[in-house]
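The values are calculated or read from the model by the stated rules, or taken from the named source; none is laboratory data. Note that the structure is predicted; figures quoted are calculated from it, not measured. FYI the Cβ positions are ideal-geometry reconstructions off the backbone, even for glycines, and counts take in every protein chain you see.
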Amino acid sequence: MKNKVALIAILVLSVFAFNLFAQQYSYDYKTMSMDEYKAELAKWQQREADAKAAIAEEEAKIAKLKEEIAAVEKEIDAVYNEIYALLETDEAGYKAFLEQLKSFENDLQAFTALSPEEIYEKRSELDAFKARLEELKKDKRSLGVEANETLSRIENLIAQAEKKAQPAAAGRYEVQRGDYLWKIAKRPDVYGDPYAWIRIYTANKDQIKNPDLIYPRQVFRIPKVAGPNEYWVERGDYLSKIAGLANVYGNPFNWQKIYEANRDVISDPNLIYPYMILVIPR
């Protein structure tokens, strides 16, 4: 505001000085009488006085505007203080709460970017996020406009993560008495294809040591989509072909990397089967 006042004053004085300069050189002082000179001087002195009075008037208006602005700002501060009091906090406490919410939102954005399988595997973290959200909503600071908007975005991210994990969440099967992999894979709610038993085997090799021996109450992962570091074998595939794919290594000579990472399910590198899930080390 001070800069604005100074600028107005400079502009007014500049116009006055320019006019004075221009008028000054429009007279021939050699031919002017003393009375004419005094009259002209008096005229310009009056103009100068008028300009100073105008500047003083503008400065008074500016000062009044400053007072009005200060009064409005004071009223705004008073309203905010009332709001903070209702939220049982102060400005610093509310800003700290907003930072906390922003950090939470960033964590959720990273979590939602995971694959469906990863989100499902980390469903305990998702449950923790939901519990954390409920705790934050109990805080009265959550009723603030900015806080409420951020919490709405957080709720949407949690909903997105839950929806994204649904295909993987549906892929769980608890072994019943009399089950075997061929039978499970044939079920319409699993793969509807008995030959896909090897997919169940390779997806659960951490708990299936022998594909002919499974036990009741075991819970198997039934993947519906390939993970970021997985490859699902199709008919006609072989290791060098897979390694040569652009989305794998783009180099068929890297087939040994795949073999070494999957030796627990590949006994012969020249013999792989459709439906196998292979780990692709990056």
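May I ask you to list the residues in segment 206-223 that are loosely packed, with under 15 Cβ neighbours inside 10 Å, assigned to a loop (DSSP other than H, G, I, E, B) and of a type outside the set (D, E)? Step through it out loud before you land on a result.
Quick first cut of segment 206-223, residues loosely packed, with under 15 Cβ neighbours inside 10 Å only: 206-207, 209-210, 212-213, 215-219.
This time we only want the ones that are assigned to a loop (DSSP other than H, G, I, E, B), so: 206-207, 209-210, 212-213, 215-218.
Listed by number, the residues that qualify are Q207, K209, N210, L213, Y215, P216, R217, Q218.
Given the criteria closer than 25 Å to V175 by Cβ, without any contact (Cβ under 8 Å) to a residue 12 or more places away in the chain and not basic (K, R), does D264 qualify? Lay out the reasoning, then the answer.
Numbers: closer than 25 Å to V175 by Cβ: yes; without any contact (Cβ under 8 Å) to a residue 12 or more places away in the chain: no; not basic (K, R): yes.
Against the criterion (closer than 25 Å to V175 by Cβ, without any contact (Cβ under 8 Å) to a residue 12 or more places away in the chain and not basic (K, R)), D264 does not qualify.
From the set of residues in segment 80-117 that are small (G, A, S) and not in a helix (DSSP H, G or I), which is surrounded by the fewest Cβ atoms within 10 Å (Cβ to Cβ)?
Result: A113.
Mind checking whether some residue in segment 98-116 is at pLDDT below 90 and assigned by TED's automatic domain parsing to the domain that holds I154? Reasoning before the result, please.
Let us first name the residues in segment 98-116 that are at pLDDT below 90, namely 115-116.
If we keep only those that are assigned by TED's automatic domain parsing to the domain that holds I154 too, we end up with 115-116.
There is at least one residue in segment 98-116 that is at pLDDT below 90 and assigned by TED's automatic domain parsing to the domain that holds I154.
Would you pick out the residues in segment 138-152 that are of a type in the set (K, R) and surrounded by fewer than 15 Cβ atoms within 10 Å (Cβ to Cβ)? Reasoning before the result, please.
Let us first name the residues in segment 138-152 that are of a type in the set (K, R), namely 138, 140-141.
Those that are of a type in the set (K, R) and surrounded by fewer than 15 Cβ atoms within 10 Å (Cβ to Cβ): K138, K140.
If you scan segment 249-271, which residues turn out to be modelled with pLDDT of 95 or more and β-branched (V, I, T)?
I258
Whether any residue in segment 134-156 is in contact with a Ser or Thr (Cβ under 8 Å, 6 or more places away or on another chain), free of Cβ contacts under 8 Å to residues at least 12 places away in the same chain and in a helix (DSSP H, G or I) is what I want to check.
Of the residues in segment 134-156, the ones in contact with a Ser or Thr (Cβ under 8 Å, 6 or more places away or on another chain) are 136, 140-141, 148, 151.
Now drop any that are not free of Cβ contacts under 8 Å to residues at least 12 places away in the same chain, which leaves 148.
Still in the running and in a helix (DSSP H, G or I): 148.
Yes, because at least one residue in segment 134-156 is in contact with a Ser or Thr (Cβ under 8 Å, 6 or more places away or on another chain), free of Cβ contacts under 8 Å to residues at least 12 places away in the same chain and in a helix (DSSP H, G or I).
Does S240 fit the bill of being surrounded by fewer than 19 Cβ atoms within 10 Å (Cβ to Cβ), part of a helix (DSSP H, G or I) and among the hydroxyl-bearing types (S, T, Y)? Step through it out loud before you land on a result.
Details: surrounded by fewer than 19 Cβ atoms within 10 Å (Cβ to Cβ): yes; part of a helix (DSSP H, G or I): yes; among the hydroxyl-bearing types (S, T, Y): yes.
Against the criterion (surrounded by fewer than 19 Cβ atoms within 10 Å (Cβ to Cβ), part of a helix (DSSP H, G or I) and among the hydroxyl-bearing types (S, T, Y)), S240 qualifies.
Residues checked against (1) in contact with a Gly (Cβ under 9 Å, 6 or more places away or on another chain); (2) of a type outside the set (K, R):
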{"site": "Q207", "(1), (2)": "no, yes"}
{"site": "R221", "(1), (2)": "yes, no"}
{"site": "V233", "(1), (2)": "no, yes"}
{"site": "A243", "(1), (2)": "yes, yes"}
{"site": "N247", "(1), (2)": "no, yes"}
{"site": "N254", "(1), (2)": "yes, yes"}
{"site": "S267", "(1), (2)": "no, yes"}
{"site": "M276", "(1), (2)": "no, yes"}
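Outside the structural domain of Y120 (by TED's automatic domain parsing), more than 24 Å from E117 (Cα to Cα) and free of Cβ contacts under 8 Å to residues at least 12 places away in the same chain: which single residue out of G192, G244 fits that description? Break it down stepwise before answering.
Numbers: G192 fails: more than 24 Å from E117 (Cα to Cα).
Answer to the selection: G244.
Condition first: assigned to a helix (DSSP H, G or I) and either of a type in the set (G, A, S) or on the phi > 0 side of the Ramachandran plot (or both). Now tell me which residues in segment 159-205 satisfy that.
The first filter runs over segment 159-205 and keeps only residues assigned to a helix (DSSP H, G or I), leaving 159-169, 181-186, 194-203.
If the condition is that a residue be assigned to a helix (DSSP H, G or I) and either of a type in the set (G, A, S) or on the phi > 0 side of the Ramachandran plot (or both), then A159, A161, A165, A168, A169, A185, A196, A203 are the ones that fit.
Among the hydrophobic types (A, V, I, L, M, F, W, C) and surrounded by fewer than 17 Cβ atoms within 10 Å (Cβ to Cβ) - does that describe any residue in segment 184-196?
Taking segment 184-196 and keeping what is among the hydrophobic types (A, V, I, L, M, F, W, C), we get 184-185, 190, 196.
Keeping just the survivors that are surrounded by fewer than 17 Cβ atoms within 10 Å (Cβ to Cβ) gives none.
No.
If Y120 satisfies all but one of (1) hydroxyl-bearing (S, T, Y); (2) assigned to a helix (DSSP H, G or I); (3) not assigned by TED's automatic domain parsing to the domain that holds I154, what's the number of the condition it fails?
(3)
Checking Y275 against (1) in contact with a Leu (Cβ under 8 Å, 6 or more places away or on another chain); (2) in a loop (DSSP other than H, G, I, E, B); (3) of a type in the set (F, W, Y), which single condition isn't satisfied?
Only one criterion in (1) in contact with a Leu (Cβ under 8 Å, 6 or more places away or on another chain); (2) in a loop (DSSP other than H, G, I, E, B); (3) of a type in the set (F, W, Y) is unmet by Y275, namely (1).
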